[in-house]
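Novice: Have a look at the structure that comes next, please.
The values are calculated or read from the model by the stated rules, or taken from the named source; none is laboratory data. The shown structure was predicted, so the numbers you read here are calculated from the model rather than taken from an experiment. Backbone-built Cβ (ideal geometry, glycine too); neighbour counts: all protein chains shown.
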Amino acid sequence: MSTTLWEFQQLYFTVRDDAPIEWGGEVLRPWLEARPHVLAELRELCRPDSRRARFTAGGREYTPLEGLYALGRVVDLLIAPHQPVDFAAGAPRWVEPLPSAAAWAEFRAAIGAVTVDERVFHPFFHEIVEVVPAEDPAEPPSLVRELWPGALVGGMLLARAGVAVRAGARHLDPEVAARSCLYWAWWRRNRPSADLSHGWGHNSQWGTDFRRDYVADGALHYNVDVVKPYRPVGADLVRYRCSTLTDLGDQEWPYHTALTEPAP
């Protein structure tokens, strides 16, 4: 199935090769305004009932999931200025100019995204960046502060909010939950990451699918494009996208595990 969403790959290369230091709306707005067809396809794909759509590769054509993956790379760059820098996590994969801190808000507004506004911690909506240990080991995770806002387009989760949480030791190990490998992520400044593009060449890496999660019909739908489970993993790795108590490393294979649970 052909798609126009692959054009987000062009935006990625534009900001990599030509964007000034602390680029933002002056780069993003003209690019998006010139491509209403891309935004129209994005909004159609993000309708809650579009989670049931399935896509197959068509020769050399990109699929919508591969187009969304290119969008996801742009999003990883836009949230980067809000992340702590921890060089112990490994050498950054991005050495070009970072966007301004305002660029993420400008981009969300331009594509019509809705800010994630969940006041109670939930791993569907929140990416753990920091853990404050609670004295009571049984204390469940609660929000302390937000480092960057998350975004929903229609019913599809585009990005989780980055947060600091407070939690007891039975729920989260502070070092593991904040510094273990983050799956389904191309790049983070503060921790190792892993997605299926890693290790592939310049062209092949763009054949990676975006993970689609939806809020629909009173439920949270994780990784909806799984057709046939393969080496299924525990629900926590799908929900949190990282290890929480014991560091499982970067060799797990959670990409073919789906999950549905009631919305909070």
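Novice: Just name the residue that is surrounded by the fewest Cβ atoms within 10 Å (Cβ to Cβ) out of those in the range 163-179 that are touching a strand residue (DSSP E or B) at 6+ places or on another chain (Cβ under 7 Å) and farther than 13 Å from E135 by Cα.
Specialist: Out of the qualifying residues, it is A164.
Novice: Of the conditions (1) touching a helix residue (DSSP H, G or I) at 6+ places or on another chain (Cβ under 6 Å); (2) of a type in the set (K, R); (3) within 25 Å of S50 (Cβ to Cβ), R160 satisfies every one except a single condition; which number is it?
Specialist: Condition (1) is where R160 drops out.
Novice: From the set of residues in the range 89-145 that are closer than 22 Å to A169 by Cα, within 19 Å of the chain's Cα centre (by Cα) and of a type in the set (D, E), which is surrounded by the most Cβ atoms within 10 Å (Cβ to Cβ)?
Specialist: Per the stated criteria, the residue is E127.
The rows are residues; the columns are (1) under 27 Å from E130 (Cα atoms); (2) more than 16 Å from the chain's Cα centre (by Cα); (3) of a type outside the set (A, V, I, L, M); (4) modelled with pLDDT under 95.
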{"residue": "N190", "(1), (2), (3), (4)": "yes, no, yes, yes"}
{"residue": "F210", "(1), (2), (3), (4)": "yes, no, yes, no"}
{"residue": "L220", "(1), (2), (3), (4)": "yes, no, no, no"}
{"residue": "N223", "(1), (2), (3), (4)": "yes, no, yes, no"}
{"residue": "Y230", "(1), (2), (3), (4)": "no, yes, yes, yes"}
{"residue": "T246", "(1), (2), (3), (4)": "yes, yes, yes, no"}
{"residue": "P264", "(1), (2), (3), (4)": "yes, yes, yes, yes"}
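Novice: Quick one: T115 ticks every box in (1) in contact (Cβ under 8 Å) with a residue 40 or more places away in the chain; (2) under 24 Å from Y222 (Cβ atoms); (3) among the hydroxyl-bearing types (S, T, Y) except a single one, so which number is it?
Specialist: Of the numbered conditions (1) in contact (Cβ under 8 Å) with a residue 40 or more places away in the chain; (2) under 24 Å from Y222 (Cβ atoms); (3) among the hydroxyl-bearing types (S, T, Y), the odd one out for T115 is (1).
Novice: Which one is surrounded by the fewest Cβ atoms within 10 Å (Cβ to Cβ), of the residues in the range 236-254 that are closer than 15 Å to A177 by Cα and touching a strand residue (DSSP E or B) at 6+ places or on another chain (Cβ under 9 Å)?
Specialist: D250
Novice: Cβ-Cβ below 7 Å, separation at least six or inter-chain, first residue in the range 142-156 and on the phi > 0 side of the Ramachandran plot, second crowded, with 20+ Cβ neighbours inside 10 Å: which pairs?
Specialist: G154/C46
Novice: To continue, here is another question. Among the residues of the range 5-51, write down those that are over 20 Å from the mean Cα position of the chain (by Cα) and among the β-branched types (V, I, T).
Specialist: Selection gives T14, I21, V27.
Novice: Also, I was wondering about something else. Checking E135 against (1) in a loop (DSSP other than H, G, I, E, B); (2) in contact (Cβ under 8 Å) with a residue 60 or more places away in the chain; (3) not basic (K, R), which single condition isn't satisfied?
Specialist: (2)
Novice: Here is a follow-up. Could you identify the single residue in L182, L196 that is under 24 Å from L11 (Cβ atoms), in contact with a Ser or Thr (Cβ under 7 Å, 6 or more places away or on another chain), hydrophobic (A, V, I, L, M, F, W, C) and surrounded by 19 or more Cβ atoms within 10 Å (Cβ to Cβ)?
Specialist: Being under 24 Å from L11 (Cβ atoms), in contact with a Ser or Thr (Cβ under 7 Å, 6 or more places away or on another chain), hydrophobic (A, V, I, L, M, F, W, C) and surrounded by 19 or more Cβ atoms within 10 Å (Cβ to Cβ) holds for just one of L182, L196, which is L182.
Novice: Sticking with this one: Provide a single number: the residues in the range 138-161 that are closer than 22 Å to R189 by Cβ and not in a loop (DSSP other than H, G, I, E, B).
Specialist: Here the count works out to 11.
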